[in-house]
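Heads up: the structure comes next, in structure tokens.
The values are calculated or read from the model by the stated rules, or taken from the named source; none is laboratory data. Keep in mind it's a predicted model, so treat the numbers as computed, not measured. Here the Cβ positions follow ideal geometry from the backbone for every residue, glycine too, while neighbour counts run over all protein chains shown. The area values use the complete protein model at the heavy-atom level, side chains included, leaving out ligands, DNA and RNA. Shrake-Rupley method; radii C 1.70, N 1.55, O 1.52, S 1.80 Å.
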Amino acid sequence: MVSRPLLLVLCCVEYAAGASGNVYISKPTTVLGKLTTTSLVADAITAKGAAHIEGSISGVEVTTKRLTANTIEASVISSPTGTITVDRNLVLVQTSGAGGSSFLELDQTSWKEISIEHFDSEKAENEAKMWGAQLSHCQGKDGSTVLTPIDRFLGGRCNSGPGSNISRTFQNLPPHQYIRVSGKVHQIDQWRGEHSYVKIGDRIVWNHASPTTPNSKGLDICGAEAPETAMSIPVDVTQPHSSHSVSITFGATGDPNSNACSQSFGVDDIAIYLK
């Protein structure tokens, strides 16, 4: 005899949460409507709508667009989009003994810090040389005073303009499979549709477009006498990588013959991690 999946159609009928008894399903089952029950034990169930379980849920395979439950027992929780959203507090309980681990511990390897540079210490000049760049700051225009520590960064007004870049090569990297690059990018003064970008090796892995019309109502906190296009744009990218060396580049598109004193970019808080 050939075993056929059981098709359970609940278009307009709901298994009420207050009903007595639980739902036990031993065959592959598809629910076309909404499933509501006190608890659910199943080998395989697919809910085309939402599944609401007031008690606990356990099963070999449960597929649904939205799941509500007090307790979920599962070896794997995955999403077809690659993203799992938890709408309330998430509590993880260790039930597998001292040798067990949380299902969230997908990768036991933590990120290893290779370099973190804020360009504010006594080593800032040497750090800037490693990037082949000049140091700049916004002191005075950003509300800081002579008593406030200067927040310095790479590039800046009259240093790094359109069509230029700031780059550094890291050598003798330990064995790894991934690289992570984070930092902050400043689009100083008046940009007109140019892009800021980040490259790992020869590949552009991040870019941020500026408005095509200059910002005339923003704050003038750095550079020339003009509102800034954007300051402290966050960068945080992860890419597969295994080479013993890597070049990291921060740059801007545009005409390299443009005046870097009226349109420039800066880079700050650069961090490199491997795992």
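Annotations
- Test: residue in region 128-135 that is more than 18 Å from Ala271 (Cβ to Cβ), at pLDDT 95 or above, assigned to a loop (DSSP other than H, G, I, E, B) and not acidic (Asp, Glu): yes
- Count of region 192-230 residues which are in contact (Cβ under 8 Å) with a residue 60 or more places away in the chain, closer than 25 Å to Ile150 by Cα and in contact with a strand residue (DSSP E or B) (Cβ under 8 Å, 6 or more places away or on another chain): 5
- Among the criteria (1) open to solvent by 70 Å² or more (accessible area, probe 1.4 Å); (2) free of Cβ contacts under 8 Å to residues at least 24 places away in the same chain; (3) not in a strand (DSSP E or B), the one Asp151 does not fulfil is (2).
- Hey, Ser216 closer than 22 Å to Met130 by Cα and out of contact with any Cys (no Cβ under 9 Å at 6 or more places or on another chain) or not: no
- Residues being under 26 Å from the mean Cα position of the chain (by Cα) and either at pLDDT 95 or above or not acidic (Asp, Glu) (or both) - total across region 144-155: 4
- Residues of region 203-216 include at least one that is more than 26 Å from His118 (Cβ to Cβ) and small (Gly, Ala, Ser).
- Taken over region 170-213, the residue count meeting the criterion of being open to solvent by less than 40 Å² (accessible area, probe 1.4 Å) and more than 19 Å from Ile272 (Cα to Cα) is 8.
- Of the candidates Leu219, Leu173, the single residue that is hydrophobic (A, V, I, L, M, F, W, C), assigned to a loop (DSSP other than H, G, I, E, B) and at pLDDT 95 or above is Leu173.
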